[in-house]
Amino acid sequence: MLKSKEIKVSSSITDLPVFISLPDLFAGLKDAGAGGVEITPGFKSRWSFSKLKDVSDKFGLPITSVHQPPWSIAGFWFDEGFISEAHKVGVDNFVFHPPAGVSFESEKMSQFLQRLSDLQEKYGIYALLENMPWAVRPPLLRKYLPFPQDTTEPEKVAKTAKSFGLGMTFDTSHAFVANPQDQAWFSEIFPTIRNIHLSSFKENRDHLPLDMGDLNTVEFVSSLKEKDYAGLVTLEIYYPKKISYRNYDFDAIKRSVQLVKDS
């Protein structure tokens, strides 16, 4: 019997924890077994991609993808420059959220997606549209910053992305199903997926380590290996709390990486 291919696991890096330097984050993730990082540009990293590349080379931890910055997600400033600067240091995969409160049926969404398509062609990159959350979001955010239902449905995200020549980032916490691979829509979205934001979840908690919560990690990862999935797998784990100033649970990353390897 042929052995399933190994899946390399990256881990996301944001500005948090505030008081941990980027080199310390790279070092900790490297020790935890991560094979790469996804950067969400913030004040630590947005204007220093060349320094990021130096840190990446130092620890042998490649920047596998870059996530749309928070100010761009919030609609304050699209910030095309982060794409240009990241692409200069060899990054090809870029994750984007659909604008909050905007349906796929709207002209505003069409303009946004066409812009991603144009940027993809301009820079020779892959723009990856992410499925949005619904059940796991705090009730206050669901009320005042809602995502239309179609942007939370993976099959509609994939279909829309494909129609604009884009790829998809599939987020397991946002999908909020224990066995994504068993859903009727998974085989439809699979060819469009280039990145998987991998985390577990339970009621009122999301983006948990893979050995906690309701995601059947072993079954899901095993199915990816059986399908010879060749895209990125990125741990997007915010635990024990999303906002932390000094502490980063590298052990949660280590356990999650090992679980993927053992699946």
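Read the figures in this text as sums done on the coordinates, not as results from a lab. Keep in mind that this is a model prediction, so the values were computed, not measured. Neighbour counts are summed over all protein chains in view; Cβ atoms, including those assigned to glycine, are modelled from backbone coordinates with ideal geometry.
Brief remarks follow.
- Here is how the number arises for the chain: DSSP H runs of 4 or more residues each give -39500 (n - 2.57), the sum is divided by the residue count, and the result at 222 nm is -10500 deg cm²/dmol.
- FRET E, pair Arg115, Lys88, Förster distance 25 Å, beta-carbon r, rounded to 0.05: 0.80
- Positive-end residue of Gln120, Val66, Val9, charge dipole of segment 9-262 with Cβ unit charges: Val66
- Inter-label distance, nm, simple model (7 Å from Cα along the C-beta direction), Arg205/Glu219: 2.1 nm
- Estimated FRET transfer efficiency when R0 is 30 angstrom, pair Ala230-Asp57 (beta carbons, to 0.05): 0.80
- The peptide list 160-166, 124-130, 74-80, 48-54, put in order of mean Cβ contacts within 10 Å with the highest first, becomes 124-130, 160-166, 48-54, 74-80.
- Put a plus charge on the Cβ of each Lys and Arg, a minus charge on the Cβ of each Asp and Glu, and nothing anywhere else: the dipole of the chain about its Cα centre is then about 440 debye.
- A quarter of the convex hull surface defined by the alpha-carbon atoms of the chain gives 13.4 nm² as the mean projection.
- DSSP beta bridges in the chain [antiparallel fraction, %, rounded to 5]: 10 percent
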